[in-house]
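Comments concern the structure below.
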Amino acid sequence: MAKTQLQILPLIILIGAKLVQLRLAKLNLSPINFATPDLPDLVLDERLANDNVQVEKIGEGGELPYPECLVISSDEQYMFASLGDGRVARISNPKAKNLEELKINYLGRTGEDDENCGKGGPADMWPDGTNMESKCGRPLGLWLVTSSEGKDGDTLLVADAYKGLIMFNNIYGDDAIMATLATRADSDPPEHNFSLLNAVVSSSNGDIYLTETSTKHQRRRIFHAALEGHATGRLLRYRDETGKVEVVANNILMANGIAISHDKKSLLIVSGIRVMRFSIETQKLDTNPFIAVIPGTGDNIKTMDTTPDGKKVKCYWVALGSPYKKPFSLLKFLADKVWVRSFILAIVPYGTLIQLIPKWSAVAVYDEQGNLMETLRDDGKMLGENGNKLGVGVPWLSELEPVGDYVYLASWFNPFLARINRDSIVPNKRSMKW
């Protein structure tokens, strides 16, 4: 009996491998090995979760679902948010201490209106496989272009994963005007449309730069892109005089957030667990990373003049997704194990995959040279009154925006916008070492 079982074992393995291959082919996945840097050692850090930090949640009733990006007007009277149901929200009076004083309006939806927009959760999951997100739109990156002729001339640029580069005018009025500037790069085939356009900035000469995380996978399946391992991300440039989008850098792994450096000479691009640098003058991507390794999968990056607790210093804030630090990182463990990733991608339902990925709430702060200054995190280890772990309050941060006495916390994963008081963030001058 035992001998028979041993004889059929290779056949079972062969059939299993074939089933995995068929499933991967159906999902259009072909995992490869990819290199990862050594895990950094977070020896000490500040905490976003402590007895002083009280998280206030805003728009839990469907008003602000899955906010990805936040930008503030120059007078700090308005804040804009890109939402998971395809809308772009305008929040008035964000400095208000009383949440009831906040007023939420909407500039519009980047796609079509449908009663089911945003109801598929953060990954647009439907039992029948419906792709509601590409219909409704999924605005991600935002950039406010201020007018020299006064606030009424301000425009809001939007990078929508599916609908392309969009511009809103009359953004402080009752009826904003939306215009689509581009839906593909000029070198792309005519039938091609963006599927994972991500972040946007506008340089001093008016050039608009955008990141495209993947040319293969949609936003709603972004973890397939991460686990597959192919570097299909791009940096794009739009010029108003031509109305065309040019590809200025290719083969960027998981191109995500983008920021203009303090000296205005470079673009800083989050690429997985690194931050790359692109010279605006030479239009070249530096082969050496600006930051060799960050302690989590990076999302948005912001050029700031203060640290999260309010200390005045030129720096960069990087919002972090899943942890990438000692003693263990799932991404590091799987990087060179193609068959393990193949099995996971083929067998594990996408919704379950999201739940299995470790979550925390974290931001890393770097100086002008890319040296780590401090980190703040909530890793879910804080204990409640009954001694039980409270869990992560605002998992998977994608953006932080300081306004007045508060820091607003956005996350594509959460059906609400959150904020904490800046005074509750205790500066301990803690850091990370390799």
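Taking (1) more than 26 Å from His230 (Cα to Cα); (2) at pLDDT 95 or above in turn, Thr307 satisfies each apart from (2).
The single condition from (1) open to solvent by 50 Å² or more (accessible area, probe 1.4 Å); (2) out of contact with any Gly (no Cβ under 9 Å at 6 or more places or on another chain); (3) in a loop (DSSP other than H, G, I, E, B); (4) within 17 Å of Tyr78 (Cα to Cα) that Glu100 fails is (3).
When residues in segment 123-149 are screened for being open to solvent by 30 Å² or more (accessible area, probe 1.4 Å) and either under 22 Å from Ala199 (Cβ atoms) or not basic (Lys, Arg) (or both), 14 of them pass. Each residue in segment 214-228 was checked for being assigned to a loop (DSSP other than H, G, I, E, B) and surrounded by 21 or more Cβ atoms within 10 Å (Cβ to Cβ), and 2 of them qualify. Lys57 satisfies every condition listed in (1) open to solvent by 70 Å² or more (accessible area, probe 1.4 Å); (2) closer than 30 Å to Leu253 by Cβ; (3) within 20 Å of the chain's Cα centre (by Cα) except (2). Do we find that Tyr172 is open to solvent by less than 10 Å² (accessible area, probe 1.4 Å), hydroxyl-bearing (Ser, Thr, Tyr) and out of contact with any helix residue (DSSP H, G or I) (no Cβ under 6 Å at 6 or more places or on another chain) in this structure? No: the conditions fail for Tyr172.
The set of residues in segment 161-208 that are β-branched (Val, Ile, Thr) and within 16 Å of Gly257 (Cα to Cα) comprises Val200, Val201, Ile208.
Residues of segment 360-373 that are in contact with an Asp or Glu (Cβ under 9 Å, 6 or more places away or on another chain), at pLDDT below 95 and open to solvent by 20 Å² or more (accessible area, probe 1.4 Å): Met373 alone.
For segment 67-90, a residue qualifies if it is open to solvent by 30 Å² or more (accessible area, probe 1.4 Å), of a type in the set (Ser, Thr, Tyr) and outside any strand (DSSP E or B), and exactly one does: Ser74. Collect the residues in segment 305-347 that are surrounded by fewer than 20 Cβ atoms within 10 Å (Cβ to Cβ) and either in a strand (DSSP E or B) or under 15 Å from the mean Cα position of the chain (by Cα) (or both), keeping them in residue-number order. If the condition is that a residue be surrounded by fewer than 20 Cβ atoms within 10 Å (Cβ to Cβ) and either in a strand (DSSP E or B) or under 15 Å from the mean Cα position of the chain (by Cα) (or both), then Asp305, Thr306, Lys312, Val313, Lys314, Ser322 are the ones that fit. For Thr352, the conditions (1) in contact (Cβ under 8 Å) with a residue 24 or more places away in the chain; (2) in a helix (DSSP H, G or I); (3) among the β-branched types (Val, Ile, Thr); (4) open to solvent by 30 Å² or more (accessible area, probe 1.4 Å) are fulfilled apart from (1). If we scan segment 293-302, do we find a residue that is open to solvent by 50 Å² or more (accessible area, probe 1.4 Å), modelled with pLDDT of 95 or more and either closer than 12 Å to Val365 by Cα or not in a strand (DSSP E or B) (or both)? No. In this structure, is His192 touching a helix residue (DSSP H, G or I) at 6+ places or on another chain (Cβ under 6 Å) and within 30 Å of Ala123 (Cβ to Cβ)? Taking the combined requirement at face value, the residue does not satisfy it. Check segment 115-137 and report whether any residue there is more than 26 Å from Glu212 (Cβ to Cβ), over 21 Å from the mean Cα position of the chain (by Cα) and at pLDDT below 95. Checking segment 115-137: at least one residue is more than 26 Å from Glu212 (Cβ to Cβ), over 21 Å from the mean Cα position of the chain (by Cα) and at pLDDT below 95.
What residue, among those in segment 12-53 that are more than 24 Å from the chain's Cα centre (by Cα) and part of a loop (DSSP other than H, G, I, E, B), is modelled with the lowest pLDDT? Within segment 12-53, the match that is modelled with the lowest pLDDT is Leu44.
The values are calculated or read from the model by the stated rules, or taken from the named source; none is laboratory data. Only a predicted model underlies this, so the values are computations on that prediction, with no experimental measurement involved. Cβ atoms come from the backbone with ideal geometry, glycine included; neighbour counts cover every protein chain shown. Surface areas here come from the heavy atoms of the whole protein model, side chains and all, with no ligands, DNA or RNA. Shrake-Rupley method; radii C 1.70, N 1.55, O 1.52, S 1.80 Å.
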